[in-house]
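The values are calculated or read from the model by the stated rules, or taken from the named source; none is laboratory data. Keep in mind that this is a model prediction, so the values were computed, not measured. Positions of Cβ are generated from backbone atoms using ideal geometry, with glycine treated the same way; all protein chains shown enter the neighbour counts.
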Amino acid sequence: MLDRRTVLNGAGMAGLSLLGGRVMAAPAASGTRFLLVFLRGAYDAANVVAPAGNTFYHEARPTIALAAPDPVNPQAALPLDADWSLHPALRDSIAPLWQARQIAFVPFAGTDDMSRSHFETQDTIEMGQPIQGQRQYGSGFVGRLAGVLNAGGKGGGNGTIAFSDTLPLVMRGGPMIPNLALGGNGKPPIDDSETAMIATMYRGQRLGTVDLDAAVHTGFAARDTVWHTIDDEMKAAGRGAIAARGFEAAAQRIGLVMRDRYNLAFVDVGGWDTHVNQGGATGQLAGRIGELGRGLAAYAAALGPDAWRQTVVVVVSEFGRTFRENGNRGTDHGHGSIYWVMGGAVAGGRMVGPQSRIAPETLNQNRDLPVLTDYRALIGGLWQRQYGLNQAQLAKIFPQVSPARLNLI
Amino acid sequence: MVNARAMIAGVALLATTGASAAEPAAARLALSERLSWGPRGDEPIMASGDPVAALAVPINAPLPPAAAQTIAGLRISREPMANLVMGMVERRRQINAMTDPDAKAAADKAWQGDMADLYREVQTRDILRALYSPAQLGEQLTWFWANHFSVHAPKREIRAMLGGWDETLRAHALGKFRDLLAATVTQPAMLQYLDNDQNAAGHINENYAREIMELHTLGVGSGYSQKDVQELARILTGVGVRLSPDAPHLPPDKAPLYIRNGLFEFNPQRHDFGDKVLLGQQIHGQGWGEVRRAIDILASQPATRAHISRKLALFLLGHDPSPALLGAMTAEWQASDGTIARVVAVILRSDEFRASLGQGFKDPTHYVLSAVRYAYGGRVIRNADPIINWLRRMDEAPYGRETPDGWPLDAAAWTGPGQMETRFEIAKAIGNGSAGLFKAREPGGTDEPAFPQLQNALWYGGLDHTIGAQTKAVLDRAASSPQWNMLLLASPEFMRR
């Protein structure tokens, strides 16, 4: 592969397009892929993967609890195992993946951050560093994974991308990673010669520690890569193949570009902070979780069976919510959440990790679910197997963590 | 050929430009860029002077007539906010009761359109003031406070409430922090956004209480506990919003304690009258007086002075203040009873402020506003929709932040590859032509001819000297005037503040 600067200078002197075409495209995706989905706002895990057979659950949530599984009630939760049931809005998207044993749920998952602050805890998760002691702000754990993969010659870092309007903290602190919001379908308005002229203006430009030159190059390259992938797909399949809007549309595109181009990615989904009227089998949360489920199913379909077998998706959120509903038919900030691990080769169809009986006396601070599986141990253990990381590499990504042995892959 | 790496330091930037007149031009340009939403294209770079003078311009100094006229014509300027909101709520009630599905769908569409219009109006007014108010630093600080006390427009009736919200923030932007905080506590937009209108005795909702302590005053990790959050939530019970003109029925012992002002109400029937302990201080259960007491306690905490001072410095310097500067700011806070203008003046007089000029990076709002001020100067735009759209694309729409922490103030949030790419597309839209900025909004409205003439008074008055050789060489290769514009607006020099 040509060095970026060599390509740039050579092409510039020859008067060719610097960044047009695919010269700057990331290497084709192959092998293992990972997508982190962050539900910002703290989704009410206990009403999505619900202990619907538990009497205390129904006492604690008199107006919003899901009905216990019942084959003749379409509003009832869908059985997962003896204790847990799935939200009915996920009947056609996630339930089939559970049947196919391609999704596992990790209950009592989260962090040791007890601030119950969205922003503090989101930052804690994204940094992935021990919360005691000096933390390196501006360094996130996916950014560090990309750095380790690049250094280890395993590839991966070059195929890293955040599907978001701004580069999230979790992707910072490693190699330069592009971010791109998957909005419109239009051809990029800046043409190849203008792209080259702008790139020339940014040669060697920095802002403090930020390498603006690299940011500009990476941004143009990501734009071209994603544009060409989606354009090719649309030409091949017709416009109907691309979902119209919302997370479903975005997730489908993420699937397409991760099938062909990128192999380590992040996307965030907002709108989970349901303090008021969150609903039960239908309503606010049901609408949101239904869209998420459809999106993840569309993502898997867009990847296709071969790439899906090499892909792991982890869905996290900053914390769970109060186990008891509040005075407004909603829930407030809590602690333990339930994370999702899915993929074609994931050992799914089961609840994973230590569990505790849910009862008034076992709640954390008489308020919310305890955390029994730390997210760093969960993802660290997963990555150790997925990427074959050694202890030193893992320690760079998640300092002071003993990886959990959950045999997810 | 200029060494590109050397250009990043402001000092080096001056050294490379050569001409002796350029040194003050670059320094004055950087000062103007920092104290305003960008220097105007129809004026040479302003004279250098005491930056503190920028604080003396009255926040309500008159706008140019064309801008004032547009603002005066907006619904949010002609009708009291409470009436607008109650009208929209009543219409919503009627629509919900309609039985004919087609008529209901049509009425719903019209209602949604009116809500979107009210939201657009407040964004338009904010943008016109930012572009044309003589109180440029005051306008920047108004933006800062709207971001500090961030609300999300699409939630509930907030779009119709913003007309009162932005006026409140502007009125207090340079005044005492305690008064600003107190004003936000009675604003319906804030009370709806953080659900305090749902917070009542026996039905506690602690969302607002938590964010007041974490974001608005003390700052996270400053030592308050979950118990403090719960106590503040109890104090705030009954502080809410009433969306109809009638008063609630209250028992005779509670009626005298009821407070109503516009949409704001304190309803003693919903209040928890038990005693509370907030941050170690006893608060006797008595009604609204508890809220005033809590505001005083929160506004006077050392953690609050430190948190707000640090954030102001981050906004005005582009980086964290040194411990010495922070100490000087909090000392001035104490000496001035939390007067924002006096605390800001400490920053403006500091060596750190001088040293930071030209080293910052424009956030999307500053980027777009500075481009329009540069391109069109005092010629007042007729339509702010393109600007609203650009800000939305760069993920910094006014009142568009979903979470209450506001848009990030650090440059690293805005220098990502995707952000830069979007910014170049917007540079092209602005550089290409009038972009719809002079097209009247009414159907069939005329589009005044306009073109962004960037080689203007500001350019020849010294801006040209601040452009490095690398950028100049590219500008010289521009194939057309629109392309030259696009390149200048996309250049690294134009990103700096």
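Within the stretch A:344-387, if we keep just the residues that are charged (D, E, K, R) and without any contact (Cβ under 8 Å) to a residue 12 or more places away in the chain, the residue that is surrounded by the most Cβ atoms within 10 Å (Cβ to Cβ) turns out to be A:Arg357.
Scanning the stretch A:389-399 for residues that are surrounded by fewer than 18 Cβ atoms within 10 Å (Cβ to Cβ) and without any contact (Cβ under 8 Å) to a residue 60 or more places away in the chain yields A:Asn390, A:Gln391, A:Ala392, A:Ala395. Of all the numbered requirements in (1) over 24 Å from B:Asn83 (Cα atoms); (2) in contact with a His (Cβ under 6 Å, 6 or more places away or on another chain), B:Gly238 misses one, and that requirement is (1). Take A:Val312 and tell me if it is buried (at least 21 other Cβ atoms within 10 Å of the Cβ), within 22 Å of B:Tyr193 (Cα to Cα) and under 14 Å from the mean Cα position of the chain (by Cα). No, not satisfied.
Candidates in the stretch B:359-402 are the residues that are touching a residue at least 40 places away in the same chain (Cβ under 8 Å) and at positive phi; of these, the one that is nearest to the other protein chains (Cβ to nearest Cβ) is B:Tyr399. Scanning the stretch A:263-292 for residues that are part of a loop (DSSP other than H, G, I, E, B), more than 13 Å from chain B (Cβ to nearest Cβ), under 29 Å from B:Ala233 (Cα atoms) and hydrophobic (A, V, I, L, M, F, W, C) yields a count of 0. Restricting attention to the stretch B:204-231 and to residues that are at the interface with another protein chain (Cβ under 10 Å from one of its Cβ atoms), of a type in the set (A, V, I, L, M) and under 30 Å from the mean Cα position of the chain (by Cα), the residue that is surrounded by the fewest Cβ atoms within 10 Å (Cβ to Cβ) turns out to be B:Val220.
Close contacts from the stretch B:467-496, counting a first residue that is closer than 22 Å to B:Leu369 by Cβ and within 9 Å of chain A (Cβ to nearest Cβ) and a second that is among the polar types (S, T, N, Q) and in a loop (DSSP other than H, G, I, E, B), with Cβ to Cβ under 7 Å and a gap of 6+ residues or different chains, come to B:Thr471/B:Ser491; B:Pro492/A:Gln205. Identification of helices (runs of 4 or more DSSP H) wholly contained in the stretch A:108-215 with 1 or more residues that are modelled with pLDDT of 80 or more, closer than 24 Å to A:Phe38 by Cβ and among the aromatic types (Phe, Trp, Tyr) yields A:118-127, A:141-151. Scanning the stretch B:251-279 for residues that are buried (at least 18 other Cβ atoms within 10 Å of the Cβ) and either among the β-branched types (Val, Ile, Thr) or within 14 Å of B:Asp197 (Cβ to Cβ) (or both) returns B:Gly262, B:Leu263, B:Phe264, B:Glu265, B:Phe266, B:Asn267, B:Arg270, B:His271.
Any residue at all in the stretch B:232-242 that's within 14 Å of chain A (Cβ to nearest Cβ), part of a helix (DSSP H, G or I), touching a helix residue (DSSP H, G or I) at 6+ places or on another chain (Cβ under 8 Å) and among the basic types (Lys, Arg)? Among the residues of the stretch B:232-242, not one is within 14 Å of chain A (Cβ to nearest Cβ), part of a helix (DSSP H, G or I), touching a helix residue (DSSP H, G or I) at 6+ places or on another chain (Cβ under 8 Å) and among the basic types (Lys, Arg), which makes the answer no.
Within the stretch B:146-167, being outside any helix (DSSP H, G or I) and within 14 Å of B:Val185 (Cα to Cα) holds for B:Phe149, B:Ser150, B:Val151.
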